[in-house]
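Engineer: Below is one structure. I have some questions about it.
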Amino acid sequence: MAQLYLLARQALAESLRQSLLGSSAVPITVSTDLREALARPYRSGDLLIVDDGLLADNAALVEQIARLPCRKALLGAADDLTVARRALQIRSVEIVPPGEVAAQLPKLAAQFLEPDDAAPAPRRLWAMFSSKGGIGKTTLALNFAWAVATYSAHRVALVDFDPLGDVGAMLPRMPSTTLVDVVDSLEAGLGSEAVINSLYQVPDIGLTIVPADSSPERSQRMTAAQVGVVLDLLEAHHAYVVADMATGLSDINLALLDRADEIWVLTAPEKVTLLPLMRSLPILRTLYRDKLVVVVNRSDSETGLETDEIGEMLGQPVVYALPSGGVGPVVAANQGRPLVAMDPSNPLARAIVHIARDQVTRFEGPRRNTPRLWGRSRGTLV
């Protein structure tokens, strides 16, 4: 059975022992002797949480910690550059503030502690495509990624490949590392772990968000080859990736579509939306027939076009028909929160959560544990 270990200075270790008493219950071994800890026969599925202060006092042993076969997490202040540097040195998968250890243990165990018979993590890339803007593609991408992260035991990444993308605008503040920054960092030779650690992580739900750059001019420098490099990085550290795409069939979009496992083609019950898609579908069917998943947003709008009629017009069956969320999606975006977290009772939120839960079950099987909690106390963007 994989084990969870915590290594800390004496005073901190005693404090942590007290805070962990009666906590839910992830079994953990707490110790204070760094050299003794180095002698343990760790296995690849184990997780060792190390006090940064202990490493600061024993700098010569940092490299030995890095070479341990288990996964490592660092106990320290995430906004301290010295702590971040040591996290990179020991190849830490997470930086955990000391005051949050008890609360974070279930999350750490679920994400990083691997049982001996653990099945390999699933790998899935969903590409969100539309032939016309303004029909809710980014809303779907953000809320679907959030819901998948809430139900899955694995990490999820949401990346905005649209140079005019709105993912960043739907957050309370723009994450400091954008897609262009990722490309620049990798091309400058920064290690993949350092780049991953620089990305915005939504607390408590294992979701990484990579927005488009706020400068469209910078975003438009991206090449199809760089798309592959970014996807390689994200797929190496996440079980699921959701890619929000620009409209049309550019070289960058084709590179994304080539890599995608499923292409969710979003439309709406309006001829001005359906006609551009009807022009794109013959190409999409020729290249990606088995990947296409047609999604109709606002399917309950009284436009005179029913879902079955839309499928006939497109020559492609409609897989998901999403109801209108009313003003809910706009209100949620204005508040910098996804609809599925702010108003889970909204019809659109319920539909997206249902789809996300089905997708997670499809690749991971039925969950034995309850999903991470919804609402203001969980997955709050800060």
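The values are calculated or read from the model by the stated rules, or taken from the named source; none is laboratory data. From a predicted model like this one, the values you see are computed outputs, not experimental measurements. So basically every Cβ, Gly included, is an ideal-geometry build from the backbone, and we count neighbours across all protein chains shown. All accessible areas refer to the heavy atoms of the entire protein, side chains included, with ligands and DNA or RNA removed. Shrake-Rupley method; radii C 1.70, N 1.55, O 1.52, S 1.80 Å.
Engineer: So what are the ³J(HN,Hα) numbers for the stretch 214-230, from phi and the Karplus equation (6.51, -1.76, 1.60; θ = phi - 60°), rounded to whole Hz, Gly and Pro as x?
Structural biologist: Going residue by residue, I get 5, 9, x, 4, 5, 5, 6, 6, 5, 10, 4, 5, 5, 4, x, 5, 5 Hz, with x marking Gly and Pro.
Engineer: Then there is this: If you place +1 on the Cβ of every Lys and Arg, -1 on the Cβ of every Asp and Glu, and leave all else neutral, what size is the dipole of the chain about its Cα centre, to the nearest 20 Debye? Can you show the working numbers first?
Structural biologist: On the way: 36 positive and 43 negative charges, 99 e Å.
That gives a dipole near 480 debye.
Engineer: Let me ask something else. Once R0 is set to 30 Å, what does the formula 1/(1 + (r/R0)^6) return for the Cβ-Cβ distance between THR303 and SER176, expressed as a FRET efficiency to the nearest 0.05?
Structural biologist: Numbers: r = 41 Å, r/R0 = 1.38.
E between THR303 and SER176, to the nearest 0.05, is 0.15.
Engineer: Cα atoms only: what Rg and Dmax, in Å, come out for the chain?
Structural biologist: 22.3, 73
Engineer: How many percent of the accessible area of the chain is carbon or sulfur, using a 1.4 Å probe? Don't jump to the answer; show the numbers that get you there.
Structural biologist: Numbers: 8790 of 16870 Å².
The nonpolar share, carbon plus sulfur, comes to 52 percent.
Engineer: A further question on this structure: Under 5 Å between amide H atoms, partner at least 5 residues away or on a different chain: which partners does TYR200 have, H built in plane at 1.01 Å?
Structural biologist: THR177, ILE209
Engineer: I've got another one for you. Provide the FRET efficiency to the nearest 0.05 for the VAL327-ALA66 pair, computing r from the beta carbons and using R0 = 35 Å.
Structural biologist: On the way: r = 51 Å, r/R0 = 1.46.
Rounded to the nearest 0.05, the efficiency is 0.10.
Engineer: Under 8 Å for C-alpha pairs, at least 6 residues apart: give me the relative contact order for the chain, rounded to a whole percent.
Structural biologist: Once divided by the residue count of the chain, the mean separation gives 17 percent.
Engineer: In terms of the Cα gyration tensor, with a ≥ b ≥ c the square roots of its eigenvalues, is the stretch 149-229 rounded because a/c is under 1.5, prolate because a/b exceeds b/c, or oblate?
Structural biologist: Details: a/c = 1.85, a/b = 1.28, b/c = 1.44.
Here the stretch 149-229 falls in the oblate category.
Engineer: A further question follows. In whole Hz and in residue order, list the ³J(HN,Hα) couplings for the stretch 253-266 that follow from phi through the Karplus curve 6.51 cos²θ - 1.76 cosθ + 1.60, θ = phi - 60°; x for Gly and Pro.
Structural biologist: Each residue's phi maps through the Karplus curve to give 5, 5, 4, 5, 5, 4, 7, 5, 7, 9, 10, 8, 9, 9 Hz.
Engineer: Measure nothing fancy, just the Cα-based angle from helix 271-288's long axis to the longest principal axis of the chain, in degrees from 0 to 90, nearest 10.
Structural biologist: Roughly 60 degrees between the two axes.
Engineer: Next question. Assuming a ≥ b ≥ c are the square roots of the Cα gyration tensor eigenvalues, decide whether the stretch 254-344 counts as rounded (a/c under 1.5), prolate (otherwise, with a/b larger than b/c) or oblate.
Structural biologist: Here the stretch 254-344 falls in the oblate category.
Engineer: For the stretch 198-265, build the charge dipole from Cβ charges (+1 Lys, Arg; -1 Asp, Glu) around the Cα centre, then report which of THR208, GLN220, VAL265 sits farthest towards its positive end.
Structural biologist: Working it through, the farthest residue towards the positive pole turns out to be GLN220.
Engineer: Using unit Cβ charges (K, R positive; D, E negative) and no other charged atoms, how large, in debye to the nearest 20, is the dipole of the stretch 172-328 about its Cα centre? Kindly include the intermediate steps, with their values, before the conclusion.
Structural biologist: Values: 10 positive and 22 negative charges, 56 e Å.
My answer is approximately 260 debye.
Engineer: Lys/Arg Cβ at +1, Asp/Glu Cβ at -1, dipole of the chain taken about the Cα centre: which of ILE283, THR82, ILE310 is farthest positive-ward?
Structural biologist: Result: THR82.
Engineer: Here is a further query. Total Lys pairs in the chain closer than 28 Å by alpha-carbon, pairs eight or more apart in sequence or interchain only? Provide the component values of the computation, followed by the final result.
Structural biologist: Working: LYS72/LYS107; LYS132/LYS271; LYS132/LYS291; LYS137/LYS271; LYS137/LYS291; LYS271/LYS291.
Count of close lysine pairs: 6.
Engineer: For LEU6, list long-range residues whose amide hydrogen, built 1.01 Å from N in the peptide plane, is under 5 Å from its own amide hydrogen.
Structural biologist: When sequence neighbours closer than 5 places are left aside, the close amide H contacts are THR29, VAL30, SER31, ILE49.
Engineer: Using just the C-alpha positions of the stretch 142-299 as equal point scatterers, what log10 of I(q)/I(0) does the Debye formula give at each q in 0.08, 0.12, 0.15 1/Å?
Structural biologist: Evaluating at q = 0.08, 0.12, 0.15 Å⁻¹ gives log10 I(q)/I(0) of -0.24, -0.54, -0.84.
Engineer: Over the chain, with the other protein chains present, what is the accessible area per residue in square angstrom, probe 1.4 angstrom? Please report the intermediate quantities before stating the final value.
Structural biologist: On the way: 16870 Å² over 382 residues.
Here the residues of the chain average 44 Å² of exposed surface.
Engineer: Rounded, prolate or oblate for the stretch 161-205? Axes are the square roots of the Cα gyration tensor eigenvalues, ordered a ≥ b ≥ c, and the cut-off for rounded is a/c under 1.5.
Structural biologist: On the way: a/c = 2.89, a/b = 1.33, b/c = 2.17.
Since a/c reaches 1.5 but b/c is at least a/b, the shape of the stretch 161-205 is classed as oblate.
Engineer: Moving to a separate point now. Build a GNM of the chain with springs between Cα atoms under 10 Å: which of ALA157, ALA332, ALA59 gets the top mean-square fluctuation?
Structural biologist: ALA59
Engineer: Could you size up the charge dipole of the stretch 141-235 around its Cα centre, putting +1 on the beta carbon of Lys and Arg and -1 on that of Asp and Glu, and report it in debye to the nearest 20?
Structural biologist: Working: 4 positive and 12 negative charges, 34 e Å.
Its charge dipole is roughly 160 debye.
Engineer: Tally Lys/Arg at +1 and Asp/Glu at -1 over every other residue whose Cβ is under 11 Å from the Cβ of ASP160; what's the total? Don't skip to the end; give the middle numbers.
Structural biologist: Numbers: positive: LYS137; negative: ASP162, ASP166, ASP213, ASP244.
So the environment of ASP160 carries a net charge of -3.
Engineer: What do you get for trypsin sites (Lys or Arg not before Pro) in the stretch 133-207 restricted to DSSP loop and a cutoff of at most 12 other Cβ within 10 Å of the site's Cβ?
Structural biologist: Details: sites: LYS137, ARG155, ARG173; in loops: ARG155, ARG173.
Here the trypsin sites (Lys or Arg not before Pro) that fit, given the DSSP loop and packing criteria, are ARG173.
Engineer: Follow-up question, since we're still on this one. What are the residues whose amide H is under 5 Å from the amide H of LEU75, where those residues sit 5 or more places off or on another chain and H is modelled from the backbone?
Structural biologist: Under 5 Å from the amide H of LEU75: VAL50, ASP51, ASP52, VAL96.
Engineer: Given the options VAL296, LEU348, LEU142, identify the residue whose Cα lies farthest towards the positive end of the charge dipole of the chain (+1 on Cβ of Lys, Arg; -1 on Cβ of Asp, Glu).
Structural biologist: LEU348
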